[in-house]
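Coordinate-derived values only; no laboratory data. If you're wondering where the values come from, they're calculated on a predicted model, not measured in any experiment. Neighbour counts are summed over all protein chains in view; Cβ atoms, including those assigned to glycine, are modelled from backbone coordinates with ideal geometry.
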């Protein structure tokens, strides 16, 4: 390995590593094309469509967060929306309380990520260190999400206030003053510079897109690093990983917290996007949709899960305009994919393409596919 | 007399909660406890039972027969599901969890499309009896009695009948059972169907006390699971009884001390603590203790 620019090489290598599908020039050209198309979206999409696309991108964070723990580490959580909702409520509560004093929502944004992590550390710490079986963790997370939702539903009583924020029961979180019924949108401030990202604006769309690309690339590096190998080790054979001297529980807990941070970010962005957060954010539909996106796209690959979320969200929106059967169709898609392509649609298609390419390469008598040096 | 009413009130609530949990979990102890399939659509099978009960009841069928029809309907639905979907997911816990959750979404959303979000009600039969100044519904005690009868019935079926022996053999070692001439495909389908039928009957029984809507199921699935999981798989029936006694006990207690929501939380908390101490459920612990005491007495 040459010493010059080795750090850059290292990170580029991580982006291209073996734990993620899609390597080499064609994939990255396609990736750039998609990002460019999304970035050019505001040029030829209506304002309403851009608002919807912002929401699709937010779903992408949820898919990535579940893909990381379920696909890579083998820890399925049916209650991923718990972190989404906690993040959303945390952002809202802090923003309402600090906006007037600070003039920005920097701390609220951070709180929307950190508080779900703390929550995940407590819940996950108990579950993983007690060595609860995987299925129990999955169901327990769903129960936790539903229990929080039930609690939030019965907070209509005016006593349920946190500072200036009123939890508001079924009406959703809002400030405890009659003149300003909405939650603050994202306002970043650095010294004198203040930048507001109104959820209905193009700037919010670019912010979300930028964050999503950053999280996606960051996770690619993470899962291709040695940490990613630990994750896959925990998924494939926890006993063996433990025998090699790694603390499976600690790896599971840490990845659970990272996943909670991403889901919390999604909840924060969602709350800022609609200036609205509601107990239904903890509900069954919210939880199951994340599982559907990831399972249908392909749980063992970040790109597949992300594509699954974006495509299915778009499909749901189209269906929603024609009647109330979007969720029914989503359920049917999930069941059919689990039966016909259990590894996920995107993963299956990519496997087929890969096989065709190798077959052709072999048929032409070309040299065997290049083996990447470590 | 006042104290008697108070104490009776607690016992009544305790029995009510026990009956509720046993009915909710009775189908799942077969499907999850024996077959090892996580059926997230169990609540929806109960919902099917509740709808069948409601429609046949309003068509003029007497309630007990309507409830039996609910069992038949849910059982048939269960057998169809097993043949079409579930059988591809044996021994894949997480995948069966996900696919059955998809089924549950399809059922609840499908019923929402067909029957709309409106709520159905069936009057609760048998009336009340007063003690001191409080009144107690007789039907709740009937529920408790039937839940006990159902447990006894499940035990009897799996202990004494030919089908029960075949089913236990198949769950223990499918290949060996197959080699010995058991039609394991039928056994799997029928066992799943039986579990679904029990769910349907439970749904029908609850239909007489609860409101029926397309989202009926979600109230029961997690509870039923937790009850079965806390009971453990070593001996599903003693496990279920022990788990129900503990969970219903904590729920009744906290319910009276604080409120219904915290009572629910208390039950979940108790379940979590039991699972943290005994990760494989209560029955596993009881079985091990039994073996230990048997060994100890054998040595003397």
Subject >> For chain B, radius of gyration divided by Kirkwood radius, i.e. Rg to Rh on alpha-carbons >> reply: 0.99
Subject >> Using distinct alpha-carbon pairs, which all enter the 1/r mean, Kirkwood radius of segment A:273-362 in Å >> reply: 14.4
**OP:** Go from 0 up to the bin containing the longest alpha carbon distance in segment A:96-147, width 5 Å each, and give me the % of pairs per bin.
**Re:** 5, 17, 18, 17, 12, 10, 9, 7, 4, 1
Subject >> Helical contribution to [θ] at 222 nm, DSSP H n ≥ 4, -39,500 (n - 2.57), averaged over chain A, rounded to 500 >> reply: -23000 deg cm²/dmol
Original post:
To the nearest 10 degrees, how steeply does helix A:345-363 sit against the main Cα axis of chain A, on a 0 to 90 scale?
Top reply: 20
Subject >> Binned Cα-Cα distances of segment A:144-212, short to long, each 5 Å bin given as a whole percent >> reply: 3, 14, 16, 15, 15, 17, 13, 5, 1
Subject >> Cα Rg, Dmax, segment B:171-298, angstrom units >> reply: 18.3, 57
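Based on the mean of other Cβ atoms within 10 Å per residue, sort peptides A:288-301, B:251-264 so the most packed one is first.
Highest mean packing first, the order is A:288-301, B:251-264.
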Subject >> Label-reachable residues, segment B:132-163, where backbone N falls under 20 Å from a point 7 Å from residue B:245's Cα toward its Cβ >> reply: B:144-156
Original post:
Can you give me the Cα centroid spacing of segment B:55-73 and segment A:15-62 in angstrom?
Top reply: 53
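When the convex hull of the Cα atoms of segment A:1-116 is projected onto a plane and the area is averaged over all directions, what value comes out in nm²?
Mean projected area for segment A:1-116: 11.6 nm², to one decimal.
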Original post:
Over all residues in A:70-76, what is the mean tally of Cβ atoms on other chains that come within 10 Å of each residue's Cβ?
Top reply: 1
Original post:
Of the peptides A:223-234, B:66-77, how do they stack up when ordered by the mean number of other Cβ atoms within 10 Å, highest first?
Top reply: B:66-77, A:223-234
Original post:
Using alpha-carbon pairs under 8 Å, 6+ residues apart, how would you state the relative contact order of chain A in percent?
Top reply: 28
Original post:
Which residue, A:302, A:317, A:25, tops the fluctuation ranking in a GNM of chain A built on C-alpha contacts under 10 Å?
Top reply: A:25
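Can you sort A:322, B:44 from fewest to most other Cβ atoms within 10 Å of each residue's own Cβ? Could the numbers behind the result be given before it?
Values: A:322 8, B:44 31.
Ascending number of Cβ neighbours within 10 Å: A:322, B:44.
Shielding of B:214-223 by partners, i.e. mean partner chain Cβ atoms within 10 Å per residue?
Counting other chains' Cβ atoms within 10 Å and averaging over B:214-223 gives 2.
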Subject >> Ordering of B:82-89, A:110-117 by packing [mean C-beta count within 10 Å, highest first] >> reply: A:110-117, B:82-89
Original post:
Can you work out D for segment B:2-132 in µm² s⁻¹ from Stokes-Einstein, where Rh is the Kirkwood radius over C-alpha pairs, the temperature is 25 °C and the viscosity is 0.890 mPa s?
Top reply: 144
Original post:
Quick one: B:221, B:56, A:268, B:159, fewest Cβ neighbours within 10 Å first, how do they rank?
Top reply: B:159, B:56, B:221, A:268
Original post:
FRET efficiency for residue A:321 and residue B:113, Cβ-Cβ distance as r, R0 = 22 Å, nearest 0.05?
Top reply: 0.85
Original post:
When the helix-only estimate is applied to chain B (DSSP H runs of n ≥ 4, each -39,500 (n - 2.57), divided by the residue count), what is the mean residue ellipticity at 222 nm, nearest 500 deg cm²/dmol?
Top reply: -25000 deg cm²/dmol
**OP:** Report relative contact order for segment B:1-111 in percent, whole number only (criteria: Cα-Cα under 8 Å, sequence separation at least 6).
**Re:** 31
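How crowded by other chains is B:106-116, given as the mean number of beta carbons from other chains within 10 Å of each beta carbon?
Other-chain Cβ atoms within 10 Å of each residue's Cβ, averaged: 4.
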Original post:
With Rg and the Kirkwood Rh both taken from Cα atoms, where does Rg over Rh land for the protein assembly as shown?
Top reply: 0.99
Original post:
In segment A:50-282, if every C-alpha pair distance is counted and binned at 10 Å from zero, what percent goes to each bin?
Top reply: 8, 32, 33, 19, 7, 1, 0
